[in-house]
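The values are calculated or read from the model by the stated rules, or taken from the named source; none is laboratory data. Predicted model, so just to flag it, every value in this text is computed and none were measured. Please note: Cβ atoms are built from the backbone with ideal geometry, for glycine as well, and neighbour counts cover all protein chains shown.
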C-alpha cells in the first residue's frame, strides 16, 4: 500500500532585490544596529558622502515578511588622480539577529555578479581578509593604493572582475559617480 507523500514548498528565508528610496529608513536603522554609531566616521564614508551608489548596484535582502534584513551598496571611485574607475563596496551589513544565516554571503555574491554583468573592472573594500577572501578579495594589488583618512592598510582589499584592471593602479581613492541631488530650499512666508 502506498503512503501519500506531502510535498511542502518552503519559501526562501530571504530574497535579494534592488534597493528603493522606500528602503532608506530601514537600511539606515539596520546599519546602526549592525555597525554602531561610529560607522559614519570611517574612511570609506568619506568616499560615499554626498554621492549615490553606482547605478544598479544597491541591494537589500528582505525576509519573508518584506523587512530589510541585509544591505550592500557599491560606489564609483577613481584610483588616484585621473586613475581608472573602480567600485568601492560597503557597507555590507546583516541584521545582528540573523548572523550566519548566509545573507551576507548571498549579498556579496549577488553584488559581485551584478558588477561583473555591468562591465566594471574591479571592486575594492576595507574589511577582514578571512571573510572577504572567500569571494576572491585580497591585498595583492592594493599596495600602491590608499584610502583617504585613517585606515588599516592590510584591510584594503580588491577583486579584479577584469584581469589586469588593477595593474599599475596607484594613489588615493577618490569619490566619483553620481552626486546626491540637493534638496530645494523652502522659505517661510
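Miscellaneous remarks
- In the set 158, 115, 165, only one residue is in a helix (DSSP H, G or I), modelled with pLDDT of 95 or more and buried (at least 17 other Cβ atoms within 10 Å of the Cβ); that residue is 115.
- Leading residue by the ranking (surrounded by the fewest Cβ atoms within 10 Å (Cβ to Cβ)) among those in segment 118-130 that are touching a residue at least 24 places away in the same chain (Cβ under 8 Å) and not in a loop (DSSP other than H, G, I, E, B): 129
- When segment 81-90 is limited to residues that are crowded, with 17+ Cβ neighbours inside 10 Å and modelled with pLDDT under 95, the one that is nearest to residue 31 (Cα to Cα) turns out to be 90.
- Test for residue 61: is it at pLDDT 95 or above, touching a strand residue (DSSP E or B) at 6+ places or on another chain (Cβ under 6 Å) and within 22 Å of residue 136 (Cβ to Cβ): yes
- Residues that are surrounded by fewer than 15 Cβ atoms within 10 Å (Cβ to Cβ), at negative phi, in contact with a helix residue (DSSP H, G or I) (Cβ under 7 Å, 6 or more places away or on another chain) and in a loop (DSSP other than H, G, I, E, B) are absent from segment 91-112.
- Residues in segment 133-155 that are part of a helix (DSSP H, G or I), surrounded by 12 or more Cβ atoms within 10 Å (Cβ to Cβ) and touching a helix residue (DSSP H, G or I) at 6+ places or on another chain (Cβ under 8 Å): 135, 155.
- Test for residue 92: is it under 27 Å from residue 13 (Cα atoms) and within 12 Å of the chain's Cα centre (by Cα): yes
- Unmet criterion (only one of (1) more than 28 Å from residue 153 (Cβ to Cβ); (2) touching a residue at least 24 places away in the same chain (Cβ under 8 Å)) for residue 22: (2)
- Looking only at residues of segment 43-71 that are touching a helix residue (DSSP H, G or I) at 6+ places or on another chain (Cβ under 9 Å) and more than 16 Å from residue 111 (Cβ to Cβ), we find that the one that is surrounded by the most Cβ atoms within 10 Å (Cβ to Cβ) is 63.
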